[in-house]
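Everything below concerns the one structure shown next.
The values are calculated or read from the model by the stated rules, or taken from the named source; none is laboratory data. In this text, all values refer to a predicted model and were calculated from it rather than measured experimentally. All Cβ positions, glycine included, derive from the backbone under ideal geometry; neighbour counts span all protein chains shown. Side chains included, ligands, DNA and RNA excluded: accessible areas come from the protein's heavy atoms. Shrake-Rupley method; radii C 1.70, N 1.55, O 1.52, S 1.80 Å.
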Amino acid sequence: MPDVIIDGQEVSVPRGTTVIQAAEQLGIFIPRYCYHPGLSTAGNCRICLVEVEKNPKLQVACNLPVTDGMVVHTRGEAAEDGRRAVLEFLLANHPLDCPVCDQSGECDLQNFYMKFGLYDPRFHEHKVKKKKAVQLGPHVMLDQERCILCSRCVRFTEEITETGELGIFNRGDRAELAIYPGGVLDNPYSTNVVDICPVGALTERESRFKVRVWYLSSAPTVCNGCSRGCNMDMHFVLDRPHLNDGRRVVRVKPRHNPDVNQWWLCDAGRYGLGWIDEGRLGEVRERGATSTWDAALAAIARAMQESDRSRVGVIASAQLTCEELFLIREIFDGARVSAAVPEEPGACDDFLVESDKNPNTQGARLLGMAGPVIGDTTGGLGGSADVPDGQAIAQAARSGELDVLWVFGHDLVELFGAESAHEIAQNVGLLVFSGTNENATVELAQWVVPTAAYLEKDGTFVNCEGRVQRIGRVFAPPAGVREDWSVLLELAERSGRPRDSHEPRTIFAALAAAEAAFAGLTYESIGTLGAPVAGSAARVMSKAEPTP
Amino acid sequence: MALPDELLAELDELILNYPDRRAGLIPALHRCQEELGGWLSPEILEDCAEYFDMEPVEVYGVASFYPMFHLKPVGKHVVGVCRNVSCELRGASDITSRVCRVTGAQAPGRNSTDMRFYVEHLECQGACADAPMIVVDGVYHENLEPDDVDTILGELS
């Protein structure tokens, strides 16, 4: 373990650690463009210059392994002059079109100029002209003039996706980032190059020119696109409906979690959130006519009390949180309940994308509401073969064995076909649909209650590796829309089975007390990076950070 | 694979000179350009990428970096005019104009319309002592007056 002194502070780091990493451990930030912890070291941008004692020249901190007794200065005249000169070179041909650049406000050229530059520009020559709006693929636009040739995106396509679409061609001030002639950047992870671009060279087509970044709010959450549960930050606008065509969700950025998704996110997850702002259910309906929550919950509670438990069915969903599934299990005790429905497995790969497109199938298994995995890869984590699956409940409903059937989010027509769905609607006394968006089942249900999208509520999902992750609550549901957990709590009250809990946090506490797999877990211990359930195969490389 | 077998055999020999296979890429590209029509077509670049187990995009990056690799078809004879300090001071601009006039190429970097000539600018070729100079199909011609250009190019087939 070499000892190194950086800006007067001593730190012991494993052999092979670079100066930039050692400085990070001390909380000292060294500027960087080409360095990215998830990629190989290029050492070409030179902005991370530091002064190393007994070295005649400045050294790049990203590519310099520490040695025992090394003394590094990241401040001081030599290092600061060096960085300033590098920045001046990088900006020599930069178009300075910040007023129309989407990166403006989160651009490391701007940030580092203000922090480390502040020189008077001396470049009076004509700047080199290059292409300003090159469409690289379905999601990514390139501005060659803004590019500083750090090669992060090139290394991403080389090392992470191994697709090799991008390269740096030509030489000197003519050097440019470009796609291989005739190629297109459309691999399943293509938009990550936008996230890692430190400048405005690569921008997202979807959010381009929609919202200046300083109008964006950000909240941490988890992707619901598949059972991997990649960590992400949701960027949204609430108070400026004239921006982003009135939609709240503007864009999604991956949030670093070394145990789940590292720094990355797939394009399918990133662009799979249109439904949150489109085609939403906004009012309670009884047979298609507008009604009230009060009337709906009173009618459902009455029907539940009047029916024998065995004649009540719930087709829950692996899109619901653990808290909500737990409430369903407790409130509908004795009824026919399942969160599993027959679904075709979706696309998957050997990186992040899982074929199970539900975020909480593992949670449903642990709560005994879904069967075990076929071809189990999680070490037999939960799931009981005795759980009826949604198909069995639908069959019972179809043959008139149920008085009440509550469907959470699913489209019966899509799952079982139009004919079966109509028979179910005819043969069940009371068909309740709760969900976020319009679908064919909405037409058939007697009661339709609009519930919150997962971004609009707090709760937890358990990912395919058995990691409990909190989804937070990014923004409130639209007016008239309620979170499933709150609907369930009120139903419990009205049907004479009141619960002690009043919010997701306390529901989770009750769940953790009741279920061994969750024992000892709290929202605090789950933190922002999640925590593995007992007996899970989930990796534990990082310590969970407590939530503020 | 568009690379002929003899060339591949030669490359197999060539890469033995390097500790790392891919280090042989540049000499290999030179040989391909010499043997296969004077320029590197996308097919040749892709074949080289396959041969060196690299992504085509990397090979294209290397080939586009060096001006001595031609990525578009060139005329039968390649005429390069040095334009660095010594040659420029001793009349390289006049030589360039004369080369363009004699060959019919519009400017350096262009082919003549009959595709007999490709004219290009060169950086220093190390012949400063006898500036100005041109390189015709790899052969140096030094200490030139513009009229010499007519003679040199006139003798070509």
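Out of the total accessible area of segment A:134-277 (probe 1.4 Å, heavy atoms of protein only), what percent is carbon and sulfur?
About 50 percent, which is the carbon plus sulfur part of the accessible surface.
With a 1.4 Å probe and all protein chains left in place, how much of the accessible area of segment A:290-376 comes from carbon and sulfur atoms, in whole percent? List each step's numbers first, then the result.
On the way: 1660 of 3390 Å².
The C+S portion of the solvent-accessible surface of segment A:290-376 is 49 percent.
Can you tell me which aspartates and glutamates have their Cα less than 15 Å from the Cα of A:Lys130? Leave out same-chain residues fewer than eight positions away.
A:Asp97, A:Asp143, A:Glu145, A:Asp173, A:Glu176
Starting from the Cα of A:Lys54, draw a straight line to each of the aspartates and glutamates and keep only those under 19 Å, dropping any in the same chain fewer than 8 residues away.
Cα-Cα hits under 19 Å: A:Asp3, A:Asp7, A:Glu10, A:Asp68, A:Glu77, A:Glu80, A:Asp81.
With a sphere of radius 12 Å drawn around the Cβ of A:Arg152, what net charge do the other residues whose Cβ falls strictly inside it have (Lys, Arg +1; Asp, Glu -1)? Mind showing how you got there, number by number?
On the way: positive: A:Arg32, A:Arg155; negative: A:Asp108, A:Glu158, A:Glu159, A:Asp195.
My count for the surroundings of A:Arg152 gives -2.
Please list A:Ser355, A:Ser420, B:Ser97 from largest to smallest accessible area, probe radius 1.4 Å, with all protein chains kept in place.
In descending accessible area the options line up as B:Ser97, A:Ser355, A:Ser420.
Per residue, how much space in cubic angstrom lies within the convex hull of the C-alpha atoms of segment A:398-504?
For segment A:398-504, the hull spanned by Cα atoms encloses 142 Å³ per residue.
Please list, short to long, the whole-number percent of alpha-carbon pairs of segment B:77-154 in consecutive 5 angstrom bins beginning at zero.
Percent of pairs per bin, in order: 3, 19, 33, 27, 13, 4, 1.
Give the angle, between 0 and 90 degrees and rounded to the nearest 10, that separates the Cα long axis of helix A:504-514 from the longest principal axis of the Cα atoms of chain A.
70
Could you check which residue among B:Val59, B:Val139, B:Val102 shows the biggest mean-square fluctuation in a GNM of chain B with a 10 Å Cα cutoff?
B:Val139
Percentage of Cα-Cα pair distances in segment A:1-153 greater than 22 Å, rounded to whole percent?
Working: 5354 of 11628 pairs.
Beyond 22 Å sits 46 percent of the P(r) for segment A:1-153.
On full extension of the chain, what length is gained from A:Ser307 through A:Asn63, given 0.36 nm per residue of separation minus the C-alpha to C-alpha distance?
Gain on stretching A:Ser307 to A:Asn63: 80.7 nm.
Could you state the accessible area per residue of segment B:1-145 in Å², with a 1.4 Å probe and every protein chain left in place?
52
Can you list the residues of segment A:173-193 whose accessible area drops by at least 50 Å² going from the chain on its own to the full set of protein chains, with a 1.4 Å probe?
A:Tyr180
Which net charge results for the neighbourhood of B:Gly104, defined as the other residues with beta-carbon distances under 10 angstrom from its beta-carbon, given Lys and Arg at +1 and Asp and Glu at -1?
Neighbourhood net charge equals +2.
With an 8 Å cut-off on Cα pairs and a minimum separation of 6 or more residues, tell me the relative contact order of segment A:285-532 in percent.
It rounds to 20 percent for segment A:285-532.
Tell me the Rg and the Dmax, in Å, that the Cα atoms of chain A produce.
For chain A, the Cα-based Rg and Dmax read 27.2, 87 Å.
Quick check: net charge around A:Leu430, other residues with Cβ under 13 Å of its Cβ, Lys/Arg +1 and Asp/Glu -1?
That works out to 0.
Pick from B:Asp53, B:Asp114, B:Asp20 the residue whose mean-square fluctuation is largest in a GNM of chain B, springs joining Cα atoms under 10 Å.
Result for chain B, Cα springs under 10 Å: B:Asp20 fluctuates most.
Treating chain B as a set of equal point scatterers at the Cα positions, no solvent, please give the Debye-formula log₁₀ I(q)/I(0) at q = 0.14, 0.17, 0.18, 0.19 Å⁻¹.
The calculated log intensity ratios at q = 0.14, 0.17, 0.18, 0.19 Å⁻¹ are -0.75, -0.96, -1.02, -1.08.
On a 1.4 Å probe surface of the protein chains, which of A:Tyr523, B:Tyr66 comes out largest in accessible area, and what is the full order?
B:Tyr66, A:Tyr523
What number does segment A:134-277 give for Rg over Rh if you use C-alpha atoms and the Kirkwood radius?
Numbers: Rg = 15.7 Å, Rh = 16.0 Å.
Radius of gyration over Kirkwood radius for segment A:134-277 works out to 0.98.
For chain B, what is the mean residue ellipticity at 222 nm derived from helices alone (per DSSP H run of n ≥ 4: -39500 (n - 2.57); sum divided by total residues; nearest 500 deg cm²/dmol)?
Calculated mean residue ellipticity at 222 nm is -12500 deg cm²/dmol.
Per residue, how large is the accessible surface of chain A? Use a 1.4 angstrom probe and give square angstrom.
For chain A, the solvent-accessible area averages 42 Å² per residue.
Can you give me the P(r) profile for segment A:285-532? Cα pairs, bins 10 angstrom wide beginning at 0, each as a whole percent.
7, 33, 38, 19, 3, 0
Convert 25 °C to kelvin, take the viscosity as 0.890 mPa s, use the Kirkwood radius over C-alpha pairs of segment A:3-92 as Rh, and evaluate the Stokes-Einstein diffusion coefficient in µm²/s, rounded to a whole number.
Answer from the Stokes-Einstein relation: 188 µm²/s.
Using the alpha-carbon atoms, what tilt in degrees (0 to 90, nearest 10) does helix A:484-494 show relative to the longest principal axis of chain A?
Helix A:484-494 and the main axis of chain A meet at about 30 degrees.
Where the accessible area of chain B is counted over protein heavy atoms with a 1.4 Å probe, how much of it, in %, is carbon and sulfur?
Solvent-exposed carbon and sulfur of chain B make up 50 percent of the total.
How much accessible area is lost when chains B and A come together, counting both sides, with a 1.4 Å probe, in Å² rounded to the nearest 100?
That pair of chains buries around 1000 Å² in total.
Classify segment B:5-65 as rounded, prolate or oblate from the Cα gyration tensor: take a ≥ b ≥ c as the square roots of its eigenvalues, call it rounded if a/c is under 1.5, otherwise prolate when a/b beats b/c and oblate if not.
oblate
Rounded, prolate or oblate: pick one for segment B:56-118, where a ≥ b ≥ c are the square roots of the eigenvalues of its C-alpha gyration tensor, a/c under 1.5 means rounded, and failing that, prolate if a/b is larger than b/c, else oblate.
On the way: a/c = 3.67, a/b = 1.40, b/c = 2.63.
Note, shape of segment B:56-118 comes out oblate.
Over 22 Å between Cα atoms, which of A:Lys357/A:Lys457; A:Lys253/A:Lys357; A:Lys57/A:Lys129; A:Lys210/A:Lys457; A:Lys115/A:Lys210 qualify?
Distance filter (> 22 Å) returns A:Lys57/A:Lys129; A:Lys210/A:Lys457; A:Lys115/A:Lys210.
Only Cα pairs under 8 Å and at least 6 apart count here; give the relative contact order of chain B as a rounded whole percent.
Result for chain B is 18 percent.
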